[in-house]
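Beneath this line is the structure, given in structure tokens, with notes to follow.
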Amino acid sequence: MRVRFLCGAISVLLILTLFPSVHSARGMLIQASFNPVQTDEGFEVTIFGRVFEALNQSVSNSVLSIQVVNPQGTSVHVAIAYSGLDGSFQDTFLLPSTSLGGNYTTFLTADKPGYDTAHLTLVFALSSSDFLVQVSSAALSIEQGQSATVTLTVLALRSFNQVVNLTSIRDPGVDVRFTPSSIVPSGTAIVTVSVGYDARLGNQTIILLGVSGSITHQITLRLYVIGAVLQPTLLVFMFGVIISSTAAFIYWRRSQSNRRQREAVVEDLIKQASGDAGYVATARAIARLEELRALRKIDDGTYLRLKREYEKRLEKST
């Protein structure tokens, strides 16, 4: 019996010695890399990789904890990811434009029952200088024919010191001017937005751009266009009415004045003729009457009436 027991014990020890994997967890490894892409908001960083065994067999459904630390040692991103059937995993996060330049350290840990915990530490550098565009007001309401201003600020990030040219994208009928039109950050510019009478009413979008070499950043300015109370065509019409009315009034006044003058001349002529009904006086009156007609100081009706009267007087005086 004892011999059998000893033989069995020795066999078990030999098996445990020769095949340690029977009672120990399997090894697991992590492979990963980064893909940082610069956007208007900052840097979009994607971490992607794979979890696998020592013999390059994929490990699926492993739990990966991800922590990213900035150059000052402050945690800026923490996430959990899972490996797929092929062992692959991916995680994406954003580092704002105001983020510090320098080395960012990423700690990755993979866990799965039956496997040893895997660790990986990676470092990527955020060293490209950049700039940030800000505006003092995000929205404007402007009446057609009017203008308004906002302040645009260009801030240097990570020692950026290149010229930034300012431009805009806007709808027809809207004019945007920058004073000055280029800035070496950090600095400000006055943006004057002018709305023409032909601008479309209602909500519009103005895109303000800062361009420096291959770097372009933009910010959106909302614009609400209000209809003008007096359109230029209406102003021209009203001006025309005023001019026409004034001209008509002046013409009427002159006509009235000329008419009164003619009436005064006629009355004077009649008084002279009535005072002396002799041949010579009547002949002079007729001559004066012809003179007034030639000068257009007497109308045709009055002329004919007085001429017939004076001719009758001449007939009586002969």
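Taken together, the values in this text are just the output of simple stated rules run on the coordinates, not laboratory data. Not measured: the values here are computed from a predicted model. With ideal geometry, Cβ positions are generated from the backbone for all residues, glycine too; neighbour counts draw on all protein chains shown.
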Fill in the blank from the handout: Residues whose built amide H sits under 5 Å from the amide H of Y104, excluding neighbours closer than 5 in sequence, are F124, A125, L126
Fill in the blank from the handout: If H77, H217 are placed from fewest to most neighbouring beta carbons inside 10 Å, the sequence is H77, H217
Completion exercise
Full extension between L201 and I169 adds, at 0.36 nm per residue less the Cα distance, a length in nm of 9.8 nm
Exercise for the section: Step through the residues of the stretch 125-137 one at a time and calculate ³J(HN,Hα) from phi using the Karplus curve (6.51 cos²θ - 1.76 cosθ + 1.60, θ = phi - 60°), rounding each to whole Hz and writing x for Gly and Pro. Expected result: 9, 10, 10, 5, 6, 7, 9, 10, 10, 10, 9, 5, 9
Practice task
Calculate the spin-label point distance for E311 paired with T192, positioning each point 7 Å from the Cα along the beta-carbon direction, and give it in nanometres.
Solution key: 7.7 nm
Practice task
Along Cα→Cβ, 7 Å out, is where each label goes; now give me the distance between the ones at D299 and T117 in nm to one decimal.
Solution key: 11.8 nm
Fill in the blank from the handout: Subtracting the Cα-Cα distance of V63 and L85 from 0.36 nm times their residue separation yields 6.6 nm
Completion exercise
Phi angles of the stretch 151-164, converted by Karplus (6.51 cos²θ - 1.76 cosθ + 1.60, θ = phi - 60°) into ³J(HN,Hα) in whole Hz with x for Gly and Pro, give 9, 9, 10, 10, 9, 7, 10, 6, 6, 5, 9, 9, 5, 10
Exercise for the section: Give me the distance in nm between label points sitting 7 Å out from Cα along the Cα-to-Cβ direction at Q162 and R284, one decimal. Expected result: 10.4 nm
Exercise for the section: Report the charge-dipole magnitude of the stretch 131-226 in Debye, nearest 20, computed about the Cα centre from +1 at each Lys and Arg Cβ and -1 at each Asp and Glu Cβ. Expected result: 240 debye
Fill in the blank from the handout: Between F131 and residues 5 or more places away or on another chain, the pairs with built amide H atoms under 5 Å apart involve L157
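Strictly greater than 17 Å: what percent of every Cα pair in the stretch 131-226 meets that?
When all Cα pairs of the stretch 131-226 are counted, 45 percent exceed 17 Å.
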Practice task
Specify the inter-centroid distance of the stretch 193-232 and the stretch 92-120, based on alpha-carbon positions, in whole Å.
Solution key: 43 Å
Fill in the blank from the handout: The long-range amide H neighbours of A228, using H built 1.01 Å from N in the peptide plane and a cut-off of under 5 Å, are Q144
Completion exercise
Here the residues of the stretch 132-171 lying in the modelled label zone of S182, meaning backbone nitrogen under 13 Å from a point 7 Å along Cα-to-Cβ, are 162-167
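So if I place +1 on the C-beta of Lys and Arg and -1 on the C-beta of Asp and Glu, and nothing else carries charge, what would the dipole magnitude of the stretch 109-180 be about its Cα centre? I want it in debye, nearest 20.
My answer is approximately 160 debye.
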